[in-house]
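Single-structure report; data block below.
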């Protein structure tokens, strides 16, 4: 797509899926990228932490980036089972997802915790993808903008910039359901997020990418990516199928 202010980013979140044989998906995406895709779109895959090292090796000397799905805010310590930003960076990751709705819902992560994790990502030189989104009940109550703006206001650290921060709007009710908001709904939320970012970090807000996530598929990607202030996609299940993920990337190119 031409005329974009910000280079699109398509990020795949594998969630708790993937064994060693799944590195073949990364290889298929790598081999399927056309020159146009490479030129026009940043591509990121976030596998389980067990596969980060293998995936980094699979994309060596290509434009594909590998990221983590979560992190502990501290660099080290007695936090059994946790992984720090420094550990992710040591494996070759360059991004990390922060505050995904599933982390908020199942692990009771708070906006303050998201803020601390975003600072941890910055400390280690990672780009944090800070997730915001409303539940079905919150949308039905007409509270969508209040919810996502509050999440952003607390979660995004002062001094954030386009190099260390990406925002992802994922309406919780759309994740994995096949449902998506209308383009007008998405445009309203992304415009509000952009304005809120301006209050937090000033003019740098115009450079920060805001992704849309929630049942993004090859069939709807082009329409979604054409919405103003949508700078790419955070993709769930479709990122586990190389052909589908490549179709979404092509829609952004």
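The values are calculated or read from the model by the stated rules, or taken from the named source; none is laboratory data. Since this is a predicted model, take the numbers as computed values, not measurements. Here the Cβ positions follow ideal geometry from the backbone for every residue, glycine too, while neighbour counts run over all protein chains shown.
Numbers below:
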read-out: Residues located in the stretch 31-73, provided they are within 14 Å of the chain's Cα centre (by Cα) and within 17 Å of residue 19 (Cα to Cα); value: 45, 46, 47, 66, 67, 68, 69
read-out: Of all residues in the stretch 212-229 being surrounded by fewer than 23 Cβ atoms within 10 Å (Cβ to Cβ) and in a loop (DSSP other than H, G, I, E, B), the one that is modelled with the lowest pLDDT; value: 215
read-out: Matching residues in the stretch 60-85 - criterion: being out of contact with any helix residue (DSSP H, G or I) (no Cβ under 8 Å at 6 or more places or on another chain) and not in a strand (DSSP E or B); value: 60, 61, 77, 78, 79, 80, 81, 82
read-out: The stretch 81-97: number of residues that are within 17 Å of residue 163 (Cβ to Cβ) and surrounded by fewer than 17 Cβ atoms within 10 Å (Cβ to Cβ); value: 1
read-out: Selection count, the stretch 27-44, where residues are touching a residue at least 60 places away in the same chain (Cβ under 8 Å) and either touching a helix residue (DSSP H, G or I) at 6+ places or on another chain (Cβ under 6 Å) or surrounded by 15 or more Cβ atoms within 10 Å (Cβ to Cβ) (or both); value: 9
read-out: Test for residue 143: is it modelled with pLDDT of 95 or more and touching a helix residue (DSSP H, G or I) at 6+ places or on another chain (Cβ under 7 Å); value: no
read-out: Residue match in the stretch 232-242 (condition: in contact with a strand residue (DSSP E or B) (Cβ under 8 Å, 6 or more places away or on another chain) and more than 20 Å from residue 28 (Cα to Cα)); value: yes
read-out: Members of the stretch 45-54 that are surrounded by fewer than 20 Cβ atoms within 10 Å (Cβ to Cβ) and part of a loop (DSSP other than H, G, I, E, B); value: 48
read-out: Test set (1) touching a strand residue (DSSP E or B) at 6+ places or on another chain (Cβ under 7 Å); (2) closer than 24 Å to residue 117 by Cα - residue 229 fails condition number; value: (2)
read-out: Scope the stretch 108-134; condition crowded, with 17+ Cβ neighbours inside 10 Å and part of a loop (DSSP other than H, G, I, E, B); matching residues; value: 109, 124, 126, 133, 134
read-out: Tabulated pairs, the stretch 1-13, first at negative phi and at pLDDT below 85, second in a loop (DSSP other than H, G, I, E, B) and crowded, with 23+ Cβ neighbours inside 10 Å, C-beta under 6 angstrom, 6+ apart or interchain; value: none
read-out: Residue 23 vs. criteria in contact with a strand residue (DSSP E or B) (Cβ under 7 Å, 6 or more places away or on another chain), closer than 28 Å to residue 106 by Cβ, assigned to a helix (DSSP H, G or I) and free of Cβ contacts under 8 Å to residues at least 40 places away in the same chain; value: no
read-out: Flag if residue 57 is out of contact with any strand residue (DSSP E or B) (no Cβ under 9 Å at 6 or more places or on another chain), at pLDDT 95 or above and either part of a helix (DSSP H, G or I) or farther than 17 Å from residue 163 by Cα (or both); value: yes
